[in-house]
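**Q** My questions will all concern the structure given below.
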Amino acid sequence: MTAQPHAVPVPRGHRVGSWEVREPLASGAFATVYAARRVGDGEPRRVALKFLPTGTRTPRQLHHLRELAEREVQLLAKLRAPRLIRMYETLTLDDPDHPELDGATVLVLERAEGSLDAVLAREPRPQAGPTLLAQVCEGLHQLHHAGWVHGDLKPANVLLLADGSVRLADFNMAAELEGTHAYAPAFSTPDYTPPELLWPEVDERGARVRPSADVWAFGVLAHVVLTGTFPLPGATTQARCDAATRYARGAEELRLSPALPDGWRDIVTGCLAPTHAERARAEALLRQVERVTGTAPSARLPRLRPRRWVRPVTVAALAALAVGTATAVTYAVRDSAPASAASPTCEEPTVYEDTTHGRGWTAGWNGTWDFTLVQGDGGSQVRELQCLLVHLHDIPEVGEPDGDFGPLTHGAVVTFQERAGLDPDGIVGPRTWRALRAAPDG
């Protein structure tokens, strides 16, 4: 069997900035991802390098590839959320001796151990499927809340870290919302594309997409993970797309697999509503998934300050932003919880084994060891921080475990850092996480 050629072939041992290229991890039509290790001191030690080719192509191909690179860099430079893959820096290669690499854009990303696609290839209906889907849905909510549409949600773009936690990745089809719509490239993965976008109207800015496209994709993903089959009939992608079109026109009914577990039928049916207006928003969908899976409710995300949309800038400018001035999304007033919402709670801290960092305590299975949190951040990793402070280190002054890194939590972090002999800067980085996950008596 002949190995599939890589979109960007990079020799093992090649140096890229502070990184040495190791084995290839994945390859698609537009990019190749390699494992890499840091040369010299510093953290993190292991990363993934995503090479986006920009050399030795036709002018039309170059324009298209630059647009894809800009989309992914723009999103990762702007957003930092627990369920989105993290970008450490971007690099542009200057290597005239290797024309195939010269000018390529390289994203230095958080290292994952594999994808949901690979899990499904080994185990079509994984036992951990409901838990993984809850984390995928949380990531989708974080993305939509920040004003972006993923545009290509599928198993290959759901990555798993060493501890089994989920990160959404591959944002070269992502688009930032302008009101109710965004403009994305006019292609995606057909089996996960809603019927209204199978043959979309396209203008000079691309196809108009809504967040409901990601909700449809989640419904397909959930059906695949929980039953091992697609929700629409057909032995080929084209046949399933034709079935989706007939379904959207009312000429065919949705017949979900009888293997779909109790509670998930309503969720998948709602996601696969024939029109975009009938599909749930990601936040409501997340709460429904959490109830069905018994997952502890994730923290309500604070309301973002109004954003003014800015047209994409060049990759070079974005790279400078990512390396020099990238910051977390800034939050203002926090959303008020509905009267029916349950009070935030903490999972009881338990010990788990991390393949890289060893044994440590967790209060939510986020597996956070090197993700930096600062005041103003929000999400499930902040809530785990709060729960570890309260229940493992007896520092209750964080208030409720609401996932909002406000002044109270900042003060509690400073108190903990002083006790642990760390720099009391209120920033939760790798050293603070290691101390938090250690038992109080050592």
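The values are calculated or read from the model by the stated rules, or taken from the named source; none is laboratory data. Since we're looking at a predicted model, the values are computed, not measured. Don't worry about glycine lacking a Cβ; one is built from the backbone with ideal geometry, like all the others, and counts go over all protein chains shown.
**Q** Taking into account only those residues within the stretch 147-196 that are surrounded by fewer than 23 Cβ atoms within 10 Å (Cβ to Cβ) and of a type in the set (Gly, Ala, Ser), which is nearest to Cys137 (Cα to Cα)?
**A** Step by step, filter the stretch 147-196, then rank; the result is Ser165.
**Q** Can you pull out every residue in the stretch 370-397 that is more than 16 Å from Ala435 (Cβ to Cβ) and outside any helix (DSSP H, G or I)?
**A** Scanning the stretch 370-397 gives Val374, Gln375, Gly376, Asp377, Gly378, Gly379, Pro396, Glu397.
**Q** Kindly provide the set of residues from the stretch 238-248 that are among the basic types (Lys, Arg) and touching a residue at least 12 places away in the same chain (Cβ under 8 Å), ordered by number.
**A** Arg240
**Q** Here is a further query. Quickly run through the stretch 114-135 and pick out the residues that are closer than 23 Å to Ser27 by Cβ and hydrophobic (A, V, I, L, M, F, W, C).
**A** Correct list: Leu116, Ala118, Val119, Leu120, Ala121.
**Q** From the list Leu408, Leu392, Leu422, which one is without any contact (Cβ under 8 Å) to a residue 24 or more places away in the chain and farther than 27 Å from Leu79 by Cβ?
**A** Of Leu408, Leu392, Leu422, the one residue that is without any contact (Cβ under 8 Å) to a residue 24 or more places away in the chain and farther than 27 Å from Leu79 by Cβ is Leu422.
**Q** Regarding Arg208, is this residue among the basic types (Lys, Arg) and not in a strand (DSSP E or B)?
**A** Judged against the criteria, Arg208 is not a match.
**Q** So is Ala112 part of a loop (DSSP other than H, G, I, E, B) and in contact (Cβ under 8 Å) with a residue 40 or more places away in the chain or not?
**A** yes
**Q** Going through Thr180, Thr131 one at a time, which residue ends up being β-branched (Val, Ile, Thr), modelled with pLDDT under 85 and at negative phi?
**A** Checking each option against the conditions leaves just Thr180.
**Q** In the stretch 389-427, how many are aliphatic (A, V, I, L, M), at pLDDT below 90 and touching a strand residue (DSSP E or B) at 6+ places or on another chain (Cβ under 7 Å)?
**A** Of the residues in that region, 1 qualify.
**Q** Tell me yes or no: at least one residue of the stretch 217-228 is touching a helix residue (DSSP H, G or I) at 6+ places or on another chain (Cβ under 7 Å), on the phi < 0 side of the Ramachandran plot and part of a loop (DSSP other than H, G, I, E, B).
**A** Looking for residues that are touching a helix residue (DSSP H, G or I) at 6+ places or on another chain (Cβ under 7 Å), on the phi < 0 side of the Ramachandran plot and part of a loop (DSSP other than H, G, I, E, B), one finds none in the stretch 217-228, hence no.
**Q** For the stretch 97-131, which positions are crowded, with 23+ Cβ neighbours inside 10 Å and farther than 21 Å from His14 by Cβ?
**A** Leu116, Gly129
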